[in-house]
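Below you'll find the structure, written out as structure tokens, and then a few comments.
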Amino acid sequence: MLQFEIVRNSSPMSEAVRAKAFENLGFGTLFSDHMSVIQWSTDKGWHSARVTARAPFSLDPASSVFHYAQEIFEGMKAYRAADGQIVLFRPEENARRFNTSARRLAMPELPEEDFIAAIEKLIGLDSAWVPGGEGSLYLRPFMFASEAFLGVRPSREYIFCVIASPVGPYFKGGAKPVRIWVSQDYTRAAVGGTGAAKCGGNYAASLLAQAEATTHGCDQVLFLDATERKWIEELGGMNIFFVFKDGSIITPPLGTILPGITRNSIMTLANDSNIAVHERAYSFGELQADLSSDRLVEAFACGTAAVVAGIGELTHGGGSLKIGTGEIGPVTKLLREKLIGIQRKELTDKHGWLRRVPA
Ligand SMILES: *Cc1c(COP(=O)(O)O)cnc(C)c1O
């Protein structure tokens, strides 16, 4: 296991300034005082693990990440429970998925214990940055190719880093249903591609479709499969679920989509509540028919940032479709409350999903 050198920030944000900033938390604009960094090279392996003052990197302009996008990331949250304890939600799953992404992008794997230590040591120094109440500390582990070389092959040097950003509730003023734009011109992932890896390149490729969603007055974009352009896959950064009149739910199967930890947790919680979960291909045509016959009554998106977001309306080239009443439905609400309840230590964590961060 790596030993981390700890170098405290000599000019951290004052408590008063932070308290002021905490009054109006957005998403991803405010950052904590420190960062964790670990370096990798072919000859040394993982080395120089440290937690230091958050600061810019100095990188050679030939660093291969700038040219060939060898970059992966993760997203997770630390919560402050009512008893003051700081907890992480299933961080082992993030560590495992990070390595799956690393393998796909021909990058070195980081031992899971070092991934988690980098996060816990950062929270250890920046524990005052974990908001209470509905807020949380969003953690962003990432890794990029830092070797200065223009040839096309896997880099021989990488930097792993974790930064932290205190965030408020994703939906201010309570959860409102979101509007989804169904992209029929762009796709996000093809069989054999990088759809199941959490890499920056997938996001770069989704931004134009997301901009199109915004132009059509929608909040998020929904992608269909790249081969037949008919099977529902997922949103730019969230997985999707459909709820039917008979109480069952459907979510698209893994393969070209990102295997969300929230998705997996929702499936388990649905099982716990005797809700039948089907992981199966669901087409946009079926969805339209199921809306016409009132068989489809709710839809929601899920991911770490927004947790569970009810979908009120779908818009596509041919018009808009209201889902159910257009409001957040009871099954969406139930699953959302169960998940948030566990994350905040308000409900029993019977699956052992929480990991207490050492004080
Ligand atoms: C991160 C991500 C998700 C959600 O994953 P969680 O583990 O639930 O946060 C879903 N889709 C994409 C494309 C993502 O990048």
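Things to note:
- Top-ranked residue of region 47-87 - restricted to ones that are in contact with a Leu (Cβ under 6 Å, 6 or more places away or on another chain) and not small (Gly, Ala, Ser), ranked as most open to solvent (accessible area, probe 1.4 Å): 70
- Looking across 26, 84, one residue alone is away from the ligand (no atom under 16 Å from the Cβ), under 26 Å from residue 132 (Cα atoms) and in contact (Cβ under 8 Å) with a residue 24 or more places away in the chain. It is 26.
- Taken as a whole, the structure leaves residue 143 outside the set of residues that are buried (at least 17 other Cβ atoms within 10 Å of the Cβ), of a type outside the set (Gly, Ala, Ser) and either more than 30 Å from residue 61 (Cα to Cα) or out of contact with any Cys (no Cβ under 9 Å at 6 or more places or on another chain) (or both).
- Filtering 223, 284, 244 for residues that are aromatic (Phe, Trp, Tyr) and within 16 Å of the ligand (Cβ to nearest atom) leaves a single hit, 223.
- The set of residues from region 55-90 being acidic (Asp, Glu) and either within 16 Å of residue 137 (Cβ to Cβ) or not in a loop (DSSP other than H, G, I, E, B) (or both) comprises 71, 74.
- Restricting 106, 102 to residues that are at pLDDT 95 or above, outside any loop (DSSP other than H, G, I, E, B) and of a type in the set (A, V, I, L, M, F, W, C) narrows the list to 102.
- Wholly within region 239-354, helices (runs of 4 or more DSSP H) carrying at least 2 residues that are open to solvent by 40 Å² or more (accessible area, probe 1.4 Å) and small (Gly, Ala, Ser): 284-292
- The conditions of being farther than 20 Å from residue 283 by Cα and at pLDDT 95 or above are met by residue 192.
- Residue that is most open to solvent (accessible area, probe 1.4 Å) [pool: residues in region 197-218 that are touching a helix residue (DSSP H, G or I) at 6+ places or on another chain (Cβ under 7 Å) and part of a loop (DSSP other than H, G, I, E, B)]: 198
- Of the residues screened, residue 31 is one that is of a type in the set (Phe, Trp, Tyr), surrounded by fewer than 20 Cβ atoms within 10 Å (Cβ to Cβ) and assigned by TED's automatic domain parsing to the domain that holds residue 115.
- Condition check for residue 165: among the hydroxyl-bearing types (Ser, Thr, Tyr), in a strand (DSSP E or B), open to solvent by less than 20 Å² (accessible area, probe 1.4 Å) and at negative phi: yes
- Subset of region 42-79 (residues that are within 16 Å of the ligand (Cβ to nearest atom) and at positive phi): 69
The values are calculated or read from the model by the stated rules, or taken from the named source; none is laboratory data. As the structure is a prediction and not an experimental result, all values here were calculated from the model. Please note: Cβ atoms are built from the backbone with ideal geometry, for glycine as well, and neighbour counts cover all protein chains shown. With ligands, DNA and RNA removed, areas are computed over all heavy atoms of the protein, side chains included. Shrake-Rupley method; radii C 1.70, N 1.55, O 1.52, S 1.80 Å.
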